[in-house]
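Worksheet for the structure shown next.
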Amino acid sequence: MSSPLYRERLEQKLAAAAEPRARHVFTRLLPESARAEADAADLRRKAGISLGPLDGRIVSIKDLFDMAGQVTTAGSVILKESPPAAADAPTISALRRAGAILIGRTNMSEFAFSGIGLNPHWGTPGNAVDPARVPGGSSSGGAVSVALGLADLTLGTDTGGSTRIPAAFNGIVGFKPTSARISKAGAFPLSYTLDSIGPLGPDVAGCAAMDAILAGLDPDPLPAFPVAGMRLGIPRGLLFEETEPAVAQAFEQALSRLSKSGALASEMSIDDLLLGMRGTLANAPIAACEAAEIHREWLESRAADFDARVLARIRPGTGIAAPAYIATLRERERLKAAFSQRIAVYDALILPTCALQAPPIAALEADADLFARKNMLALRNTSPANFFDCPALSLPLPVSGLPIGLMLVAAPMQDRRLMALGAAIEAALRS
């Protein structure tokens, strides 16, 4: 008779989650329910029954998804005393049906409004490679839980880079799908327009399986996509400015390696579309406008309970008139169509996920201006995929020292194809 593999693995991860290195990664562990899920997975395994590729996989959950009987805090003290959720979010239900073992709820930037990952309420998880450095946000604890081996996969969200930035900073894979593919019900919103739900994991295959299950698709293996002949567009220009030398060097080395494997990489420009995006967002920043509506009851009555850095990002949305906001949404639709047309001749765009590596926590906690600059630089390369509503995938580059991410961006609704392309690039860079 086979041993209780899943229960043993869970106990090992629960023990590791209690170690000092995992401090601030979880807002709450769920040992009792996770043990029951692991025991059920072991019974299925002994009976020769499988619910699919996530059966028995240990998954952590960003603390903005409703889980029945649990309080959803979204990284804030404001929600700490809220009533427990009455039901699971659809994404949580899908993971349970797939046999996943849900180990706990992970820390995050307050209300998901930061690409850095600092949290003054629940503490800041240290980067998986260097705990003195930031984890990236907003899916901070989830990324660290995977990178430290505390979970096999994690469920995150991405509004401007919140799966891809922490993936890049911690040396794992992060995926942002086309927004409408996965239900956002039961997930505390940052921006109704820009939010998307995606997985983070150690490899593309695991993320692809989880993405398929969340999207209600059969989690079939990804089709083969040869690197030879792959058409890659390099959007030189605005997204390559202020790139740290180590990031630039790692990107060029990866590009050279892919070219030697037969990829057809060519330079192109999307700067006019990026300037259009920046111009319309300057008139009405979508995330801030929508966050101001979501948090309107607390902005005055509980202003002191916000992370000051988050409050500073929400406040600009309070003074935007409805015509300006609607004009921005209309212009976004025009720019989305132009962007899709521009990149249609490529299998994907390729660029660094972030222009910088993970900066030190202490420096950003001490200097609000430095935090703001680094936060915007971290988000700069990732946020266009949210504005243009494209799937985007961050892969870890084979570097020593602090991790660096390589990002692929494809046309809307080309999610599975992008995953297949990413798996091929992942294999080529690892060989």
The stretch 260-277, residues that are in contact with a Leu (Cβ under 9 Å, 6 or more places away or on another chain) and assigned to a helix (DSSP H, G or I): ASP271, LEU273, LEU274, LEU275, GLY276, MET277
Leading residue by the ranking (nearest to ARG7 (Cα to Cα)) among those in the stretch 19-68 that are of a type in the set (Val, Ile, Thr) and in contact with an Asp or Glu (Cβ under 8 Å, 6 or more places away or on another chain): ILE58
Filtered residues of the stretch 230-259 (kept if in contact with an Asp or Glu (Cβ under 9 Å, 6 or more places away or on another chain), part of a loop (DSSP other than H, G, I, E, B) and not basic (Lys, Arg)): MET230, GLY237
Test: ALA327 is free of Cβ contacts under 8 Å to residues at least 40 places away in the same chain and more than 27 Å from LEU406 (Cα to Cα): no
Failed condition for MET277, given (1) surrounded by fewer than 17 Cβ atoms within 10 Å (Cβ to Cβ); (2) within 24 Å of the chain's Cα centre (by Cα): (1)
Matching entry among LEU200, LEU232 (being touching a residue at least 40 places away in the same chain (Cβ under 8 Å), buried (at least 18 other Cβ atoms within 10 Å of the Cβ) and over 23 Å from GLY149 (Cα atoms)): LEU232
Subset of the stretch 328-347 [surrounded by 19 or more Cβ atoms within 10 Å (Cβ to Cβ), touching a helix residue (DSSP H, G or I) at 6+ places or on another chain (Cβ under 8 Å) and either β-branched (Val, Ile, Thr) or under 17 Å from LEU275 (Cβ atoms) (or both)]: THR328, ARG332, LEU335, PHE339, ARG342
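Laboratory data are not the source of any read-out in this text; all were calculated from the coordinates shown. All values reported here derive from a predicted model rather than from experimental measurement. As a convention, Cβ positions derive from the backbone with ideal geometry for all residues, glycine included, and neighbour counts pool all protein chains shown.
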